[in-house]
Amino acid sequence: MDINYQDSKGGMRPGAIVGGAFLLVLGGTMLLDRTGVTDISLRHLIGPACLIVLGSLMLADNGGFSCGRRQQLPDGATRMNGRRRRANTGGLWLIGVGCWMLVSQLHIGGLDYGTSWPLLIILSGGIMLVRGMR
């Protein structure tokens, strides 16, 4: 069976770059906290940071294939046609929820989970607009 897409062996890999940058920032934050330079509560940052990084990885890795279909060629061979993902609004959703959690846990602007829930409605409307424009 022949697959109708190419595997890129060289070049930049955005997913690896975002993941590496996340580990650098996380490690630097932990180092600053352990040395006493700053007082950063990591328990408030880990969950939202993971969602933001996963969403960023989804947005950066837009060259993936989500599904495919077998096609019979005239010579009798079978080929798999892959279908590329479109704009990945799922990544935007994860980034938005991660930012909302960060704002709520750190009480930025006096917001907490009880008062910041309208931000999720705004996020949903923004994602619907993005989906409608593509």
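Annotation: of all residues in the range 41-69 being of a type outside the set (A, V, I, L, M, F, W, C) and under 21 Å from VAL103 (Cα atoms), the one that is modelled with the highest pLDDT is PRO48. For the range 30-58, a residue qualifies if it is assigned to a helix (DSSP H, G or I), in contact with a Leu (Cβ under 7 Å, 6 or more places away or on another chain) and free of Cβ contacts under 8 Å to residues at least 24 places away in the same chain, and the qualifying residues are MET30, ASP33.
This table checks each residue for (1) modelled with pLDDT under 90; (2) closer than 18 Å to LEU51 by Cα; (3) surrounded by fewer than 17 Cβ atoms within 10 Å (Cβ to Cβ).
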| residue | (1), (2), (3) |
| --- | --- |
| GLN71 | yes, no, yes |
| ARG79 | yes, no, yes |
| LEU92 | yes, yes, no |
| CYS99 | no, yes, no |
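Scanning the range 12-40 for residues that are at pLDDT 75 or above and among the polar types (S, T, N, Q), we see that the one that is surrounded by the most Cβ atoms within 10 Å (Cβ to Cβ) is THR29.
The values are calculated or read from the model by the stated rules, or taken from the named source; none is laboratory data. The structure presented is a predicted model; accordingly, all values stated were derived computationally and were not measured. Virtual Cβ from ideal backbone geometry, glycine too; neighbours counted across all protein chains shown.
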